[in-house]
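Here is the structure we will look at.
A short reminder: the numbers here are calculations on the coordinates, not readings from a lab. Computed from a prediction, not measured in an experiment: that's the story for all the values here. Backbone-built Cβ (ideal geometry, glycine too); neighbour counts: all protein chains shown.
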Amino acid sequence: MRRLIIVCEGATEQEFCQLILSPYFYQKDILVETPTIKHSCGGIVAWGTLKKQLVRHLNETDVIVTMLIDFYRIKDSFQFPGWMEAKTIEPSQSKLDYLFMRMKLDIQEDLQNRFVPYIQLHEFEGLLFSDISAFKKNFRKEECDFQAIESAIKDFSSPEEINNGPDTAPSVRLKKAIKGYQKELYGGILADDIGLKTIREHCSFFNQWIERLESLATIP
């Protein structure tokens with residue numbers, strides 16, 4: 001069984017990987033491990049710190065390494081490879097492709113073929129807008145502003161494009177719409193109800209990541 005290590009930004013991403021991705025990949029004879037970022041209290045860190053952890057995992061025998069972190073949480077001061085240049089690149093696909101290329105090149109050459117860089121545009125919580133019926137299934141009218149949830153996705157071409165402003169990021173929208181919203185608890189529940197198939201159908205960047213992992217992990 002091939003090992004796949006997904007370094008998770010925090011508990012929410014870790015729960016999603018364990019609940020949704022691990023069973024999916026297990027059926028393909030791929031064992032998923034989900035460590036969170038070291039030297040962090042549940043958030044992204046500088047590239048230099050994250051890189052050390054990625055390389056440490058890559059130095060293990062026959063393992064594929066990737067990560068699940070949010071674009072929205074990365075600061076200029078974290079010095080991710082190509083970050084400042086990527087700010088001027090559009091559309092989003094080109095921006096992400098450039099960042100992934102620069103991160104991969106920053107890893108020593110003999111390890112690059114087992115490293116799959118990934119950043120979720122704009123936040124993990126954007127994936128939860130793939131099927132708004134999941135909110136109606138889990139919350140009563142008095143608990144959730146369903147109209148706010150519906151209007152959010154109508155304004156964008158896909159859930160992943162829901163923007164990263166401090167007042168309009170996906171996680172901020174959910175906190176405003178749902179009374180007592182707890183991201184670590186509800187993120188996994190909603191994602192499980194939505195299902196991986198639906199998320200992949202509505203979130204092209206995420207789907208491309210899954211496809212890359214499948215392709216690389218199944219190489220003999």
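Descriptive notes on the structure:
- Seen against the Cα atoms of the chain and their longest principal axis, helix 47-58 is set at about 60 degrees.
- Degrees between helix 92-105 axis and first principal axis of the chain (Cα, 0 to 90, nearest 10): 30 degrees
- A crude spin-label estimate for the pair N207 and K104, with each label 7 Å from Cα along the Cβ direction, gives 2.1 nm.
- Most fluctuating residue given options L96, L68, L105, as computed from a GNM of the chain linking Cα atoms under 10 Å: L105
- Treating r as the C-beta distance of A46 and E143 and R0 as 45 Å, the FRET efficiency rounds to 0.75.
- Global form of segment 1-153, assessed from the alpha-carbon gyration tensor, a/c cut-off 1.5: oblate
- Among residues other than I6 with Cβ under 9 Å from its Cβ, the summed charge is -2 (Lys and Arg +1, Asp and Glu -1).
- Shape descriptor for segment 124-195: Rg over Rh equals 0.91 (Cα atoms; Rh from the Kirkwood inverse mean 1/r).
- Segment 161-220: Cα Rg divided by the 2.2 N^0.38 Å rule of thumb: 1.42
- Entry note, the chain: the mean residue ellipticity at 222 nm calculated from DSSP H runs of n ≥ 4, each adding -39500 (n - 2.57), is -12500 deg cm²/dmol after division by the residues and rounding to the nearest 500.
- With Cα atoms, 0 to 90° folded angle of helix 204-217 axis to the chain main axis: 30 degrees
- Gained length - Q93 relative to S215, 0.36 nm times residue gap less alpha-carbon distance: 42.0 nm
- DSSP bridge pairs, the chain: antiparallel proportion in percent, nearest 5: 5 percent
- Stokes-Einstein translational diffusion, segment 79-220 - Kirkwood Rh over all Cα pairs, 1.002 mPa s, 20 °C, in µm²/s: 129 µm²/s
- Surrounding net charge for S22, when Lys and Arg each add one and Asp and Glu each subtract one, Cβ distance under 15 Å: -3
- Label positions at M1 and K175, each projected 7 Å from the Cα along the C-beta direction, are separated by 3.7 nm.
- Using only side-chain charges placed at the Cβ, +1 for Lys and Arg and -1 for Asp and Glu, the dipole size of the chain relative to its Cα centre rounds to 280 debye.
- Contact order relative to length of the chain, as percent, for alpha carbon pairs under 8 angstrom and 6 or more apart: 22 percent
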